[in-house]
Amino acid sequence: MRHKLRQRHASAHGLALFLTGLTGLTVLTAACAASHPPPGPEPRSAQPPLNVILVMTDDQGWGDLSLHGNPVLETPHLDRLAAESVRLQHFYVHPVCTPTRAALMTGRHPQRTGAIDTYRGRAMMRPGEVTIAEALGAAGWETGLFGKWHLGDAPPMRPMDQGFHRSVVHRGGGIGQPSDPLGAEGRYTDPVLMEDGTPTPFDGYCTDVYFQEAQRWMARCDDDGRPFLCVITPNAPHTPLHDVPEDLRAKYAAMDLGPDRFAAEPGRKATFTDEDKLARLYAMVENIDENMGGLCRFLETEGLAENTLLLFLCDNGPQGRRYNAGLRNAKGSVYEGGVRSPLFARWPGTLEPGNRDEGYAAHVDLFPTVLEACGAEAHAPDGLDGRSALSLLRGDDGAAADSEARPLVIQWHRGDAPVYGHHAFVRLGEYKLVQATRPWAELESPPAWAPELYRLPTDPFEESDIAGEQPQVVGDLTAIYARWFDDVVGPGARTARHDQRLRAFLPPPASLGETPVTLTIQDWRPLGEKDKGWGKNGRWRVQLTHPGPLRATLTAPRGRTIVSAELAFEEPGGRAVETRRWTATGPPARALSGSLEGLPALTLLSLTVTLQLDDGTRRGPHQVEVAPPAGSVDPPRNRGKIPG
């Protein structure tokens, strides 16, 4: 961990130097894997070490629970869990998934980690970050992740490189995206998942697979007498919606799901609903609920319930328009409907069930909260932005007031680097300052500063902007935001040129040479900054860790075959290192393979691949697989990388 802390501090220092006008580039490398950490010191408590389960769903909003007033959706198992838990009524996450996941894993604002957006090379967490898995692994816990990672698919950014001893995850931001393994595209049922870094077929619906694999792994940990951190992050109810549990879809399709059914609650109404889409979404949510019921039964049957802290939350608001208990807006928004998540915390005998209506916390707080609950505070890395919310969950005197005395700032927008004043909120006490811009717009300069102000205890649905009545509060919260931005992005970032900020937030390089690596358009930086969506071609940042020869296989977009290919390697400054040209010689095929040798090892390069396709167009590949020489030894999987 000390090595990783040095890396992280070097990264922050390099960013500060860059933004103050100095030149140069700090290249960070991290081992793809290492030996299993030896058991750390046993916690000093007389009780057995605490197990921790953290469940975070994907695009499930505040209103996607029957206990939050949804008149159609049935979630009896989550309702029961809520009744047995502390329910934090004001818990905040980011408006989209990757920043929330980075904050959860590191206890730090995602702007510090580089994982600031969901695609185009912006969803790759810097490998020098210390994760909650690494901290607890160093303290003697086993660590496992099941479901969605979305913080980098290539070494050294995979879960197994970031402290998880066991991982069963899909690639990219979800099943049905360009990172899907070839031949298994869009398969929620019988998916091909990355099992400790290796593509592996599984039987069953993906959410069921994650929970079942997690339970098998937890049972083995318990048999071995090892405490565990188990993170379960299903990619549901995220779209696409073509493959959902059919029996549950039919159940909801038979119901009245029109907007009038959801119009009785206060706040903002669901004025439009796509009934087929809603039936599919609710089928996915009820399937999650069934799996939560199975998880709780597993804990009770195995005798683990009393010594397990079980946390449940969502990564952001609901995707699309649907019932959200009157909260304003949805995923992508910095109004409450996009950033407010349920948090259920069940720890029998320690946490007294009930609502915590006062006080607030956020995703960055769960890392230190879990460490304190486990008695592992000594393994906390320096530089955490979060602080433990355990006293708030316990209901300690003064804890709610103490939490409300701390400002909370959350910002997200599309783009390759943070932009000052672009889509953010500041919460302090009863007030919430909202600078709601168009988050999907990729701006190069700060937008006009025109924030709104809401007093949440009397206006929970953010309907009455009082900014004009409270100029002093607006000024105070604006100053808090400005200081926060300078802190997490870097000194001088507010006034830095657009190209300077872009260079400071380049994606981390993928390590090539020690294990098969698949580069996808999820992680490239498009060549045309104005390209929509994934872009037609892009540039990957790579670092060769093996002298070669490596073998690369290029795959064309679906339905196309490759005539020829050009692979261009450049240094960070843009100087060409080498260009390879390959020509297809056999029958027309979607894939083209060749050898990569003679490239400088341990050198940071950018790679651009341009395909000449059978229809006469030129564009980037769908995927590129780079494999080490045949017979070379793959580093051990299923290992953390920091000593105890």
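Across the stretch 418-438, what is the number of residues that are open to solvent by 40 Å² or more (accessible area, probe 1.4 Å), assigned to a loop (DSSP other than H, G, I, E, B) and touching a residue at least 40 places away in the same chain (Cβ under 8 Å)? Residues in the stretch 418-438 being open to solvent by 40 Å² or more (accessible area, probe 1.4 Å), assigned to a loop (DSSP other than H, G, I, E, B) and touching a residue at least 40 places away in the same chain (Cβ under 8 Å): 2 in total. Of the residues making up the stretch 385-417, just one is open to solvent by 40 Å² or more (accessible area, probe 1.4 Å), aliphatic (A, V, I, L, M) and in a loop (DSSP other than H, G, I, E, B), namely Ala405.
Within the stretch 255-273, residues that are modelled with pLDDT of 80 or more reach no partner that is loosely packed, with under 10 Cβ neighbours inside 10 Å and assigned to a helix (DSSP H, G or I) with beta carbons closer than 7 Å at six or more positions or on different chains. Within the stretch 299-343, the set of residues being part of a loop (DSSP other than H, G, I, E, B), under 20 Å from His423 (Cα atoms) and open to solvent by less than 30 Å² (accessible area, probe 1.4 Å) comprises Asp315, Asn316, Gly317, Pro318, Leu327, Ala330, Gly332, Ser333, Val334, Tyr335.
The residues of the stretch 185-210 that are in contact with a Gly (Cβ under 7 Å, 6 or more places away or on another chain) and either assigned to a helix (DSSP H, G or I) or at pLDDT below 95 (or both) amount to a single one, Tyr210. For the stretch 560-614, which residues satisfy the criterion of being assigned to a loop (DSSP other than H, G, I, E, B), loosely packed, with under 13 Cβ neighbours inside 10 Å and in contact with an Asp or Glu (Cβ under 9 Å, 6 or more places away or on another chain)? Within the stretch 560-614, Pro588, Gly598 meet the criteria.
For the stretch 407-418, state whether one or more residues are more than 17 Å from Arg112 (Cα to Cα) and either aromatic (Phe, Trp, Tyr) or at pLDDT 95 or above (or both). Scanning the stretch 407-418 turns up at least one residue that is more than 17 Å from Arg112 (Cα to Cα) and either aromatic (Phe, Trp, Tyr) or at pLDDT 95 or above (or both). When the stretch 252-268 is examined, which residues are found to be open to solvent by 50 Å² or more (accessible area, probe 1.4 Å) and either hydrophobic (A, V, I, L, M, F, W, C) or closer than 16 Å to Trp62 by Cα (or both)? Within the stretch 252-268, Ala253, Ala254, Met255, Ala264, Glu265, Pro266, Arg268 qualify.
Against the list (1) within 25 Å of Gly144 (Cβ to Cβ); (2) assigned to a loop (DSSP other than H, G, I, E, B); (3) out of contact with any helix residue (DSSP H, G or I) (no Cβ under 6 Å at 6 or more places or on another chain), the condition Ala236 fails is (3). Against the numbered list (1) closer than 28 Å to Leu81 by Cα; (2) surrounded by fewer than 19 Cβ atoms within 10 Å (Cβ to Cβ), Asp382 comes up short only at (1). Of all residues in the stretch 151-166, exactly one satisfies the criterion of being of a type outside the set (Asp, Glu), out of contact with any strand residue (DSSP E or B) (no Cβ under 6 Å at 6 or more places or on another chain) and farther than 23 Å from Phe228 by Cα, namely Gly152. Exactly one residue out of Glu84, Glu42 is at pLDDT below 80 and among the acidic types (Asp, Glu): that is Glu42.
Against the criterion of being touching a strand residue (DSSP E or B) at 6+ places or on another chain (Cβ under 7 Å) and surrounded by fewer than 22 Cβ atoms within 10 Å (Cβ to Cβ), Asn355 qualifies. Of Leu182, Leu151, all but one fail to be assigned to a loop (DSSP other than H, G, I, E, B), farther than 20 Å from Pro557 by Cα and not polar (S, T, N, Q); the exception is Leu151. Residue-level check: of (1) in a loop (DSSP other than H, G, I, E, B); (2) touching a Cys at 6+ places or on another chain (Cβ under 7 Å), Ser511 misses just (1). Residues of the stretch 439-474 that are over 28 Å from the mean Cα position of the chain (by Cα), open to solvent by less than 40 Å² (accessible area, probe 1.4 Å) and either free of Cβ contacts under 8 Å to residues at least 12 places away in the same chain or on the phi > 0 side of the Ramachandran plot (or both): Asp459 alone.
The values are calculated or read from the model by the stated rules, or taken from the named source; none is laboratory data. Not measured: the values here are computed from a predicted model. All Cβ positions, even for glycine, are placed from backbone atoms using ideal geometry, and neighbour counts span all protein chains on display. Calculation scope for accessible area: heavy atoms of the full protein, side chains included, ligands and nucleic acids excluded. Shrake-Rupley method; radii C 1.70, N 1.55, O 1.52, S 1.80 Å.
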